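What follows is a single structure, written as C-alpha cells, with notes after it.
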Amino acid sequence: MNKRREERMTMQLQLDADRSIYLQIAEQIEDQILRQDLLEDEQVPSTNQMAALYRINPATAAKGIALLVDEGILYKQRGIGMFVSAGAQKQILVKRKKDFFARYVEPMLQEAKNLSIDPEEINAYIRSRNGAGNS
C-alpha cells in the first residue's frame, strides 16, 4: 500500500465502539471505492496491512473483506490478493441508496403521514433547503 493511501485510510477510519469493526472496515473500503480512491481491478490492502494500520486482529479485517467478496464488490486472485470488482461502485451506490430510503425516508414518510404532511410540502421544504433550482 502506498504511503499516501495509508495516510488517507488512517485519517478516515475512526472506529465506533457501537458497531462491529469488521462492518466498519467493509464500509471504509466501500467509501474508498465510491470516492474512486480504489478503482476497478485495483488491489485493496491485505488483511495484515489493515490489521497493522488499524491495530486490529487480522481475522477482523479478513471478515470485513470476506463480506465484500460475498457481495461481489471484491474478488480474490489466488496468491496475489483482493481486487475491486468491475461495477463495484455502481453496486455500492444501489445498495446504499436502498438502505438510505429504508432507514431514513420511509420512517420520515410514515411520520409525515401521521402528522398529515403532504408529500408536496416535504418536496418544497427539501427544495428550499437545497437552494431552489439547483437540482
Just a yes or no: is a residue in the range 76-91 farther than 26 Å from Leu34 by Cβ and part of a helix (DSSP H, G or I)? no
Can you report the number of residues in the range 46-75 which are closer than 21 Å to Val94 by Cα, in contact with a helix residue (DSSP H, G or I) (Cβ under 7 Å, 6 or more places away or on another chain) and of a type in the set (A, V, I, L, M)? 5
When every residue in the range 116-135 that is of a type in the set (S, T, N, Q) and under 29 Å from the mean Cα position of the chain (by Cα) is compared, the one modelled with the lowest pLDDT is Ser135
Taking the condition of being among the hydrophobic types (A, V, I, L, M, F, W, C) and more than 16 Å from the chain's Cα centre (by Cα), how many residues in the range 59-82 meet it? 4
What about Val84, is it at pLDDT 95 or above and in contact with a Leu (Cβ under 6 Å, 6 or more places away or on another chain)? yes
I'd like the full set of residues that are open to solvent by 90 Å² or more (accessible area, probe 1.4 Å) and either within 17 Å of Asp37 (Cβ to Cβ) or modelled with pLDDT of 95 or more (or both), limited to the range 54-75. Lys63, Asp70
Do we have Ala51 as touching a Pro at 6+ places or on another chain (Cβ under 7 Å) and open to solvent by less than 30 Å² (accessible area, probe 1.4 Å) here? yes
Pairs, please: C-beta under 7 Å, at least 6 apart or cross-chain, first residue closer than 17 Å to Glu106 by Cβ and in the range 116-131, second surrounded by 10 or more Cβ atoms within 10 Å (Cβ to Cβ)? Ile122/Ala112
Given the criteria surrounded by 14 or more Cβ atoms within 10 Å (Cβ to Cβ), touching a helix residue (DSSP H, G or I) at 6+ places or on another chain (Cβ under 8 Å) and among the polar types (S, T, N, Q), does Gln43 qualify? no
With aliphatic (A, V, I, L, M) and surrounded by fewer than 10 Cβ atoms within 10 Å (Cβ to Cβ) as the only criterion, which of Ile92, Ile117, Ile122, Ile80 stands out? Ile80
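The values are calculated or read from the model by the stated rules, or taken from the named source; none is laboratory data. This one's a predicted model, so the numbers in the text were calculated from it and none came from an experiment. FYI the Cβ positions are ideal-geometry reconstructions off the backbone, even for glycines, and counts take in every protein chain you see. For the accessible areas, the whole protein counts, side chains as well, though only heavy atoms, and no ligand, DNA or RNA atoms are used. Shrake-Rupley method; radii C 1.70, N 1.55, O 1.52, S 1.80 Å.
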